[in-house]
Each structure stands twice: as structure tokens, then as C-alpha cells.
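A short write-up of the structure that comes next.
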């Protein structure tokens, strides 16, 4: 049987580096719209264009239901030039793929504009019912009012400490990073909610030009995450530590910085489509940084 030929049209910068650096890998996990390949300590997520650009994503022109087509974990992946051969059944070509890199952050932040953007965001979220940490986006101080939500209850003390640390650090007063271990690996899904929240914090810190603060947080998070969460989530935490995240997150941040931007609701639709609650969880972490910036 000939290979099914699949063309990659957009590939994240980190995924592109991984594909060029490794000759062999293995399928780690398979879903209907995507699958992950492990190359040593690195991962690449192959999926449909609807997944949107991200550092680990290799987006394919064709719409393939991978699980239904019989792709399964633990099969070998072999690189031949600019193609991957998978289980003798699929050939994935990435020679002509556009390499996506994260957008540059703003040169400066107008606190009044960002404050107004956060108010628009809170109003838009109030008309929705987001899961995970989504409810925090509609609360001015970012604390939970949902006393019957176990995730929010379990996270509240750590998130409050992290937000206080952000406010202090962004005002140029250095304090030790709080203990964030309670968030690492917290929640269900492929990428737990607590990890996604931390991803949002680190990605936003880098986006707004505070890479040194993000690095201090990463030094506290990544060694623990190597043992306390899964391989996929740890890979995204590593990306976020250097400012890499999904374009979906950066699109919302861009909306918050543009007065009267009409596309916020469309951006939030895209956030809602990311994972079970991963889009909301990551956005909640990023918004915690925005809130500290406007204090």
C-alpha cells in the first residue's frame, strides 16, 4: 500500500528546529485531529490548520482523522530529508512549510488602554461560561468567587500569592518566587489547568518585555514540572518560559492593547476552541500579568 502523503504548510519555530535536528522518533499520542511525535526530549504536534499556529505545531493542509485512520502510539517515525515516514503508511512533507514565530511584544504599555481592554474582556467573558480558570477573567482582582469549584478552591491561595509576587516584581522590587508547586500538574486533561495557567503567566511576562522575571519563575517551575506533570505539558511549559505560546493567546493580548478593537469576541471564540479548558486557563495566567501591569 502506498504512503498517504500529507503536506505541512505551517510549522512552529521550535517544531521546525526539532524536525531538522532528529532522524528518528516515535508516536507518543494520537487524537482525531492531531498526534504528537517524540524526538528525544522534544515534541512536535501534527494537526489540522484549525489548531492554529503554535511553537510545537506542524499544521497540515489535509484534514486527517488520525485515530480513525489507524495511527497508534509507539510506532516509529523516520526522517528522510524533509519528509517523515510513519509506520510505513504516512509520508509527511514539510519542505515548503512556512515557519511561524511568536509576534513581538509592544515597546511600551499604556496602562489606561490596557485597563480598558481588561474591562472589555471581563464583560465579554461574563456573557460566556468558560470552564477551568475562565471564571477568574470576569473578576477584577482575579480571585475566585466560586466556592463549590474544586479547581478554583484548590488553586486560590497559590494564585493569590503568585499575583502578589507579580505586582511586586513588576514594580521593580525583587522578592523570592512563591511556592507554585500546588499548581503544577493540577487538573485533568492533556495539559492540566495549573500548568496552562503558569504557561500564560510566563508567556505574557516575556511578551511584555519582562523576560528576566519570567526566567525566575521558570527556574522555580521547570525542575518540579519535570517530575510532577506529563511530558506534553512539560514541553509547553518549556516553550512558555521563553515566551512561546499559541497565536490564540497573542491575538487576545493584541486586542487588549488596541482601543475599540472589534475582534475580541472572535479571539475568545478561538480561545474556547483550545483543548477542554486550556485556552481559558492560559489566558487567565496572562491576564494576571496584565492586571499587575496596570496596578
Exactly one condition in (1) in contact (Cβ under 8 Å) with a residue 60 or more places away in the chain; (2) crowded, with 24+ Cβ neighbours inside 10 Å; (3) not in a loop (DSSP other than H, G, I, E, B) is not met by residue 225; state its number.
(1)
Would you confirm whether any residue within the stretch 233-246 is part of a helix (DSSP H, G or I) and in contact with a strand residue (DSSP E or B) (Cβ under 7 Å, 6 or more places away or on another chain)?
yes
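Yes or no, residue by residue, for (1) buried (at least 16 other Cβ atoms within 10 Å of the Cβ); (2) in a loop (DSSP other than H, G, I, E, B); (3) on the phi > 0 side of the Ramachandran plot:
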{"position": "5", "(1), (2), (3)": "no, no, no"}
{"position": "10", "(1), (2), (3)": "yes, no, no"}
{"position": "16", "(1), (2), (3)": "yes, no, no"}
{"position": "28", "(1), (2), (3)": "yes, no, no"}
{"position": "44", "(1), (2), (3)": "yes, no, no"}
{"position": "63", "(1), (2), (3)": "no, yes, no"}
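Okay, residues lined up against (1) assigned to a helix (DSSP H, G or I); (2) touching a residue at least 12 places away in the same chain (Cβ under 8 Å); (3) in the same structural domain as residue 50 (by TED's automatic domain parsing); (4) surrounded by 13 or more Cβ atoms within 10 Å (Cβ to Cβ):
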position	(1), (2), (3), (4)
68	no, yes, yes, no
71	no, yes, yes, yes
78	no, yes, yes, yes
137	yes, yes, no, yes
158	yes, yes, no, yes
162	yes, yes, no, yes
165	yes, yes, no, yes
Is it the case that some residue within the stretch 187-195 is more than 21 Å from the chain's Cα centre (by Cα) and either surrounded by 13 or more Cβ atoms within 10 Å (Cβ to Cβ) or in a loop (DSSP other than H, G, I, E, B) (or both)?
no
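The values are calculated or read from the model by the stated rules, or taken from the named source; none is laboratory data. Keep in mind that what you see is a predicted model, and the values were worked out from it rather than measured. Positions of Cβ are backbone-derived with ideal geometry, glycine not excepted, and every protein chain shown enters the neighbour counts.
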